[in-house]
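Asker: Sending over a structure as structure tokens; questions will come in a sec.
The values are calculated or read from the model by the stated rules, or taken from the named source; none is laboratory data. Since the structure is predicted, the reported quantities are computational estimates derived from the model, not experimental observations. Cβ placement follows ideal geometry from the backbone for every residue including glycine, while neighbour counts extend to all protein chains displayed. Heads up: the accessible areas ignore ligands, DNA and RNA and are worked out on the full protein's heavy atoms, side chains in. Shrake-Rupley method; radii C 1.70, N 1.55, O 1.52, S 1.80 Å.
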Amino acid sequence: MSRFQVRRVAVLGAGVMGAQIAAHLVNVKVPVVLFDLPAKEGAKNGIVQKAIDNLKKIKPSPLGVAEDAARIEAANYEEHLDKLKDCDLIIEAIAERMDWKLDLYTKIAPFVAPHAIVASNTSGLSITKLSEALPDAIKPRFCGIHFFNPPRYMQLVELIN
């Protein structure tokens, strides 16, 4: 049996949980592409860049080493979905709205690598219902990975199949 190697992760959603999940991953030196909506004003990656910058200000710190924030690449759903093709794990961490999540899954599906695992950080929505927006080829690789807040300090993650 071969081991699944996670060399690069995409986190979808740069809110409190998404940004801290990204920080948790770079703490173990796994590069992350952090996605969010394109900003309406200023730089298109402004929302994500602000979230990355804020990681250095949060107490207790989600980063083991503040400089590791540089391992988080800012991206937006309008320009950078092709970056998903290089990711082994994609973790969705947007608001707990079924309609938003289903819309996002439909949007990302063409860009998911054939080996990648796709997961939701949902804490209460049905994983089965969420999977309905995904093509049949991705459904067996979809699961829930629910991190508790704050991810760095809560030594617990719930896996939902």
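Asker: Out of region 116-127, which residues are open to solvent by 60 Å² or more (accessible area, probe 1.4 Å) and either under 15 Å from the mean Cα position of the chain (by Cα) or modelled with pLDDT of 95 or more (or both)?
Answerer: The answer is Ser123, and nothing else.
Asker: Quick one: in region 1-45, which of the residues that are more than 20 Å from Arg141 (Cα to Cα) and over 17 Å from the mean Cα position of the chain (by Cα) is surrounded by the most Cβ atoms within 10 Å (Cβ to Cβ)?
Answerer: Taking the candidates together, the pick is Lys44.
Asker: Got a number for residues in region 46-57 being open to solvent by 10 Å² or more (accessible area, probe 1.4 Å) and in contact with a strand residue (DSSP E or B) (Cβ under 6 Å, 6 or more places away or on another chain)?
Answerer: 2
Asker: Of all residues in region 61-84 being part of a loop (DSSP other than H, G, I, E, B) and of a type in the set (Gly, Ala, Ser), which is surrounded by the most Cβ atoms within 10 Å (Cβ to Cβ)?
Answerer: Filtering region 61-84 for residues that are part of a loop (DSSP other than H, G, I, E, B) and of a type in the set (Gly, Ala, Ser), the one surrounded by the most Cβ atoms within 10 Å (Cβ to Cβ) comes out as Ser61.
Asker: Related question: Residues being within 17 Å of Ala137 (Cβ to Cβ) and of a type in the set (A, V, I, L, M, F, W, C): count how many of those fall in region 82-101.
Answerer: 4
Asker: Taking the condition open to solvent by 20 Å² or more (accessible area, probe 1.4 Å) and over 18 Å from Asn161 (Cα atoms), does Asp103 pass?
Answerer: yes
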